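Colleague: One structure follows; several queries about it will come next.
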Amino acid sequence: MCVVAYLYYTGISFFLCLVYFHYCTFPSENLLNSILFSLSLSSSAYSFCYYRAELQANRPDGTACASGVEGPRKYLIGGNWKCNGTWDANDDRVTMFNSAGAIPANVEVVLCVTDIYIPMLLQSIRKDIAVGGQNCGVNKGNGACTGETGSHQLKDIGCTWVIVGHSERREGFGMAGETVGLCADKCKVAIDNGLNVMFAIGEKKEEREGGTTMDVCASQLEPLAKILDAKDWEKVAIAYEPVWAIGTGLTATPEMAQETHKNIRDWVSTNVSPEIATAVRIQYGGSMKGANAKDLLAQPDIDGGLIGGASLQADFFNVINGVPK
Ligand code: PEP
């Protein structure tokens, strides 16, 4: 319906513009010119507004298929589009995902996109895919934080999730990176502002080789454990992302990933509480794709994934369908 309306009103705009440019000269000096010009502009504006309103009303439901194996925790598959996409490319992705078939009922799916495209997804992506940010400010509300997006604003626009502590932000890509304390503070502010957080942690290659993987993960979790209340943990998923596996095509083997996930869960049990350790979801991230998702997701302590490259493609749905059946 929205496409028909859009074409209809755009057609009128086109016709009026054509008449105007064909029969009239610029600058306009007679009444007819002015009327035609105004009409063409207003019908263009109307078609655009109408299109947006229709999109909001028509965000498709999506379809769920039977749940696969009910694990102790609902699987969480997050897509991280990073700084990728244009209006057209993202529009194509939305169309692709909207027609990609059913999402198993035991999976929660969220797409984290560049801030400026969040409204676009909130208007058009199927309702069974939540939308989130990839970062947020440490500011609690409005303020003098040029260039920042506050978690209160993500919440205001309709996001339900945000990624905090992604290794690319911890490292800084040419800027000062984010400290473990800052990541924990951001997470707390985002939760207080009503968002769920995928809290990313993980070791670098040399740290894994040096045998300090768990020390690194613990150092990233410690400030979080200090600042969160027990209730806050319901809003947190830990995304374990070995830095050496992100965007490199290298993936931790399912056994390696399981071992670290288990160690992280044990750490939470000792340092937070056994109940929270049982409940908290731990996602794996690092070159996860359709081809390796099934084996990774079959591990008892892997409760989902945080997916970069593959979430830009139809393969994202192979990851979603890789949950145990
Ligand atoms: C990520 O960005 O969090 C990520 C895991 O990227 P990729 O899947 O491309 O390795």
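The values are calculated or read from the model by the stated rules, or taken from the named source; none is laboratory data. Just so you know, these numbers come straight off a predicted model, no measurement behind them. Neighbour counts run over all protein chains shown; Cβ positions are idealised from the backbone, glycine included. Just the protein is used for accessible areas: all its heavy atoms, side chains included, with ligands, DNA and RNA removed. Shrake-Rupley method; radii C 1.70, N 1.55, O 1.52, S 1.80 Å.
Colleague: Is it the case that segment 292-309 has a residue that's open to solvent by 30 Å² or more (accessible area, probe 1.4 Å) and near the ligand (Cβ under 10 Å from one of its atoms)?
Modeller: Within segment 292-309 (the criterion being open to solvent by 30 Å² or more (accessible area, probe 1.4 Å) and near the ligand (Cβ under 10 Å from one of its atoms)), the answer is yes, since at least one residue qualifies.
Colleague: Could you tell me whether segment 169-181 includes any residue that is within 24 Å of Ile276 (Cα to Cα) and in contact with a Leu (Cβ under 9 Å, 6 or more places away or on another chain)? Write out each step before concluding.
Modeller: Of all residues in segment 169-181, those within 24 Å of Ile276 (Cα to Cα) come to 180-181.
Remaining after also requiring in contact with a Leu (Cβ under 9 Å, 6 or more places away or on another chain): 180.
Yes, segment 169-181 has at least one match.
Colleague: Shifting gears a bit: Select from segment 274-291 the residues that are touching a strand residue (DSSP E or B) at 6+ places or on another chain (Cβ under 6 Å), within 14 Å of the ligand (Cβ to nearest atom) and either open to solvent by 10 Å² or more (accessible area, probe 1.4 Å) or without any contact (Cβ under 8 Å) to a residue 40 or more places away in the chain (or both) and list them in ascending order.
Modeller: Met288
Colleague: Counting only residues that are within 16 Å of the ligand (Cβ to nearest atom) and open to solvent by 40 Å² or more (accessible area, probe 1.4 Å), which one in segment 148-169 is nearest to Ile307 (Cα to Cα)? Before you say what the answer is, go through the steps one by one.
Modeller: Pass one, segment 148-169, residues within 16 Å of the ligand (Cβ to nearest atom): 161-169.
Filter again for open to solvent by 40 Å² or more (accessible area, probe 1.4 Å), leaving 168-169.
Details: Glu168: 14, Arg169: 16 Å.
Checking each candidate, the answer is Glu168.
Colleague: Would it be correct to say that Gly158 is in contact (Cβ under 8 Å) with a residue 24 or more places away in the chain and either touching a His at 6+ places or on another chain (Cβ under 6 Å) or at positive phi (or both)? Full working, then the answer.
Modeller: Details: in contact (Cβ under 8 Å) with a residue 24 or more places away in the chain: yes; either touching a His at 6+ places or on another chain (Cβ under 6 Å) or at positive phi (or both): yes.
When the stated conditions are applied, Gly158 passes them.
Colleague: Filter segment 229-244 down to residues that are assigned to a helix (DSSP H, G or I) and not aromatic (Phe, Trp, Tyr) and give me whichever is nearest to Gly78 (Cα to Cα).
Modeller: Only one residue fits best here, namely Lys235.
Colleague: Right, here's the next one. Pick from Gly177, Gly211, Gly181: which is assigned to a loop (DSSP other than H, G, I, E, B), in contact with a helix residue (DSSP H, G or I) (Cβ under 9 Å, 6 or more places away or on another chain), open to solvent by 10 Å² or more (accessible area, probe 1.4 Å) and of a type in the set (Gly, Ala, Ser)?
Modeller: Details: Gly211 fails: in contact with a helix residue (DSSP H, G or I) (Cβ under 9 Å, 6 or more places away or on another chain); Gly181 fails: assigned to a loop (DSSP other than H, G, I, E, B).
Matching residue, one of Gly177, Gly211, Gly181: Gly177.
Colleague: With the requirement that a residue be touching a residue at least 60 places away in the same chain (Cβ under 8 Å) and within 16 Å of the ligand (Cβ to nearest atom), what does segment 76-109 give you?
Modeller: Leu76, Ile77, Gly78, Gly79, Asn80, Trp81, Lys82, Asn84, Gly85, Arg93, Val109
Colleague: Name the single residue that is farthest from the ligand (Cβ to nearest atom) among those in segment 311-325 being of a type outside the set (Phe, Trp, Tyr), open to solvent by less than 10 Å² (accessible area, probe 1.4 Å) and part of a helix (DSSP H, G or I). Let's see the steps before the verdict.
Modeller: Pass one, segment 311-325, residues of a type outside the set (Phe, Trp, Tyr): 311-315, 318-325.
This time we only want the ones that are open to solvent by less than 10 Å² (accessible area, probe 1.4 Å), so: 311, 319-320, 322-323.
Now narrow it down to the ones that are part of a helix (DSSP H, G or I): 311, 319-320.
Numbers: Ser311: 7, Val319: 9, Ile320: 14 Å.
Of everything passing the filter in segment 311-325, Ile320 is farthest from the ligand (Cβ to nearest atom).
Colleague: Does segment 74-93 contain at least one residue that is closer than 19 Å to Ala310 by Cα, over 17 Å from the mean Cα position of the chain (by Cα) and surrounded by fewer than 22 Cβ atoms within 10 Å (Cβ to Cβ)?
Modeller: Scanning segment 74-93 turns up at least one residue that is closer than 19 Å to Ala310 by Cα, over 17 Å from the mean Cα position of the chain (by Cα) and surrounded by fewer than 22 Cβ atoms within 10 Å (Cβ to Cβ).
Colleague: Any idea how many residues of segment 192-208 are open to solvent by 10 Å² or more (accessible area, probe 1.4 Å) and more than 16 Å from the ligand (Cβ to nearest atom)? Lay out the reasoning, then the answer.
Modeller: Narrowing segment 192-208 to residues open to solvent by 10 Å² or more (accessible area, probe 1.4 Å): 192-194, 196, 204-208.
Still in the list and also more than 16 Å from the ligand (Cβ to nearest atom): 192-194, 196, 206-207.
The qualifying residues number 6.
Colleague: Name the one entry in Thr253, Thr270 that is β-branched (Val, Ile, Thr) and over 16 Å from Leu221 (Cβ atoms).
Modeller: Numbers: Thr270 fails: over 16 Å from Leu221 (Cβ atoms).
Only one candidate qualifies: Thr253.
Colleague: Does any residue of segment 215-225 turn out to be within 25 Å of Gly172 (Cα to Cα), within 16 Å of the ligand (Cβ to nearest atom) and open to solvent by 10 Å² or more (accessible area, probe 1.4 Å)?
Modeller: Checking segment 215-225: at least one residue is within 25 Å of Gly172 (Cα to Cα), within 16 Å of the ligand (Cβ to nearest atom) and open to solvent by 10 Å² or more (accessible area, probe 1.4 Å).
Colleague: Name the residue that is farthest from the ligand (Cβ to nearest atom), counting only residues in segment 245-268 that are part of a helix (DSSP H, G or I) and open to solvent by 40 Å² or more (accessible area, probe 1.4 Å). If you could, list the steps in order and put the result at the bottom.
Modeller: Of segment 245-268, the ones part of a helix (DSSP H, G or I) are 245, 254-268.
Those left that are additionally open to solvent by 40 Å² or more (accessible area, probe 1.4 Å): 255-256, 259, 262-263, 266.
Values: Glu255: 19, Met256: 15, Glu259: 19, Lys262: 20, Asn263: 19, Asp266: 23 Å.
Checked segment 245-268; the qualifying residue farthest from the ligand (Cβ to nearest atom) is Asp266.
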